[in-house]
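The values are calculated or read from the model by the stated rules, or taken from the named source; none is laboratory data. Computed from a prediction, not measured in an experiment: that's the story for all the values here. Here the Cβ positions follow ideal geometry from the backbone for every residue, glycine too, while neighbour counts run over all protein chains shown. Ligands, DNA and RNA are stripped out before the accessible areas are found, and what is left, the full protein with its side chains, is counted by its heavy atoms. Shrake-Rupley method; radii C 1.70, N 1.55, O 1.52, S 1.80 Å.
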Amino acid sequence: MQKSRTRVVCTVLAALALASLALAGGAAAKLTGSYTKFAQCPFTNAEARKCIYSVTEGGEVVLGNKKVPIEKQVVLQGGYGPADEESFAKFIAATNGETLSKAPQNVPGGLAGIVPEASSPPLVKALIKFFFENSLTGVNSTLELAKPASEIRISENHLAEEEGVTLKMPVKVHLENPFLGKSCFVGSSTSPINLQLTDATTSPPAPNKPITGSGGEGELLEGGRILVLKNNVLVDNAWSAPTASGCGGILSFLVNPIINAQLGTTTAGHNTAILKGTLNVASAAAVKKNNEENP
């Protein structure tokens, strides 16, 4: 069954590659049907071979001691070019600049679960009390790109074979709350969290144990020109994360250590990302042709 599914995915991906050679370009118009998902694909870019629209609909991100369920959909969209000798293709940003959508996820426990009032310095405790009294205790966690979209790498072969890394993506975690300020991050452009997601089985350092993803179930749309992988699961529990920074504004020298103490150890083996969703892929030429045919 597994080998059969892999052959189907490989065959469809190959067909999409051939479609990119067979279809010609023309004037801009609009997309229709299932092609509308690829509205932000850079299909007019000569380097783009494929269009991708991936929706994470569930799962979780565990950062040290904190587990954040994915309750709001996160979209990764854009295009990618030909694979290199290591089977990885360079990502091309979405045309509207929103390659990875910013979907704030609720952090269970909110501010009370992140900042321990009893052990905080007097000034911090006073500010926490102020925010508690005004019911501003919720904390959101948002996964954001830490580097340009061109730093993302994707492997069709690894996805189809369910072996090796499928998606390499440099990210950072934005913690948002009035008390924490607007610049509270775990990770940055100079020190990103480097996710290496797979639909195979991980080999993390202890204390984490191996977990397994899934390529999902394939479905063909638009006469076989669009491949949809439902119930796709990408996982990584071998990544490390830097300490939090920029938390608390002018009080960051007090708040950063508190946040880091609550997060606990975030070295490799203590973090997990499980992304469950639906993956849509089409050749850029097919998307372009649909666009031209519908003025």
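General observations
- Largest to smallest in accessible area, the residues Glu98, Glu161 fall in the order Glu98, Glu161 (1.4 Å probe, all protein chains included).
- Computed FRET value (nearest 0.05) for Lys67 with Asn45, which takes r as the C-beta separation and R₀ as 51 Å: 0.85
- A Förster radius of 25 Å, combined with the Cβ-Cβ distance separating Thr267 from Thr36, puts the computed FRET efficiency at roughly 0.05.
- A crude spin-label estimate for the pair Ser203 and Glu57, with each label 7 Å from Cα along the Cβ direction, gives 3.3 nm.
- Ignoring aspartates and glutamates fewer than eight residues from Lys172 along the same chain, the ones with Cα atoms less than 16 angstrom from its Cα are Glu60, Glu98, Glu144, Glu151, Asp236.
- For the residue pairs Lys90/Lys289; Lys50/Lys288; Lys72/Lys288, the C-alpha atoms sit more than 21 angstrom apart in Lys90/Lys289; Lys72/Lys288.
- The stretch between Thr243 and Asn106, if pulled fully straight at 0.36 nm per residue, gains 47.3 nm over its current Cα-Cα span.
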